[in-house]
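Trainee: Encoded as structure tokens, here's the structure I'll be asking about.
FYI, it's all coordinate maths here, none of it is from the lab. These numbers were taken from a predicted model, which means no experiment stands behind them. Reconstructed Cβ throughout: ideal geometry from the backbone, glycine too, with neighbour counts over all protein chains shown.
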Amino acid sequence: MNKRHIGQEYEQRAVDYITNMGYKIIERNFRNRMGEIDIIAKDGEYLVFIEVKYRSSSKEGHPTEAVNLAKQRRITKTALYYCDGNGISEYTPMRFDVISILDDDIKLYENAFEAVM
């Protein structure tokens with residue numbers, strides 16, 4: 001099984017997880033020249049940009065450690081591009097969440113980071 005297939009499998013687990021929590025999925029794997037956002041969803045009034053990180057073990061670090069400052073910047077710029085291209089107001093409440101999957105343990109970190117430029 002290649003990395004792309006593994007990534008898709010765990011992203012689907014993340015989608016199932018947050019859907020059961022009441023999130024409404026808007027888009028998956030949004031890409032542009034700035035970067036990629038794994039999941040875009042609504043949670044109540046919030047537009048949520050979600051990064052999914054999977055590790056089979058913690059020997060390479062916790063999955064959340066991979067969402068470093070550079071990754072946060074790419075996600076922020078991609079999110080702003082998404083909003084601009086879809087006519088979403090700058091006053092829309094937004095949030096950046098991270099879903100970590102360590103082996104079979106899934107955890108959602110709401111508001112994991114602030115927009116970073």
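Trainee: Subtracting the Cα-Cα distance from 0.36 nm times the residue separation, let me have the gained length for Met34 to Asn111 in nm, one decimal.
Mentor: 25.6 nm
Trainee: Continuing with the same structure: Just the Kirkwood number for the chain, please: inverse of mean 1/r across all distinct Cα pairs, in Å, one decimal. Write down the numbers at each step before the final one.
Mentor: On the way: mean 1/r = 0.0691 Å⁻¹.
For the chain, inverting the mean 1/r across all distinct Cα pairs yields 14.5 Å.
Trainee: Tell me which aspartates and glutamates have Cα within less than 13 Å of Lys59's Cα, excluding those fewer than 8 residues away on the same chain?
Mentor: List returned: Asp103.
Trainee: Related question: Straight distance only, please: which lysines reach the Cα of Lys71 with their own Cα at less than 16 Å, same-chain residues fewer than 8 apart left out?
Mentor: Cα-Cα hits under 16 Å: Lys53.
Trainee: Okay, moving on. Evaluate the distance, in nm, between pseudo-label points positioned 7 Å from the Cα of Ala66 and of Asp104 along their respective Cα→Cβ axes.
Mentor: Result for the modelled spin labels: 2.0 nm.
Trainee: A further question follows. How many percent of DSSP beta bridges within the chain run antiparallel, rounded to 5?
Mentor: On the way: 17 of 26 bridges.
Restricted to the chain, the bridges split so that about 65 percent are antiparallel.
Trainee: In angstroms, what radius of gyration and Dmax does the range 10-73 have, counting Cα atoms only?
Mentor: Just the Cα atoms of the range 10-73 yield Rg and Dmax of 12.7, 38 Å.
Trainee: Now, a different point. Once you place label points 7 Å from the Cα toward the Cβ at Arg13 and Lys59, how far apart are they in nm?
Mentor: 1.8 nm
Trainee: Which GluC sites (Glu not before Pro) from the range 31-117 combine a DSSP loop assignment with at most 13 other Cβ atoms within 10 Å?
Mentor: Working: sites: Glu36, Glu45, Glu51, Glu60, Glu65, Glu90, Glu110, Glu114; in loops: Glu45, Glu90, Glu114.
Passing sites in the range 31-117 are Glu45, Glu90, Glu114.
Trainee: Please go through the range 1-110 and write out the trypsin sites (Lys or Arg not before Pro) that DSSP classes as loop and that have at most 11 other C-beta atoms within 10 Å. Could the numbers behind the result be given before it?
Mentor: Values: sites: Lys3, Arg4, Arg13, Lys24, Arg28, Arg31, Arg33, Lys42, Lys53, Arg55, Lys59, Lys71, Arg73, Arg74, Lys77, Arg95, Lys107; in loops: Arg33.
Here the trypsin sites (Lys or Arg not before Pro) that fit, given the DSSP loop and packing criteria, are Arg33.
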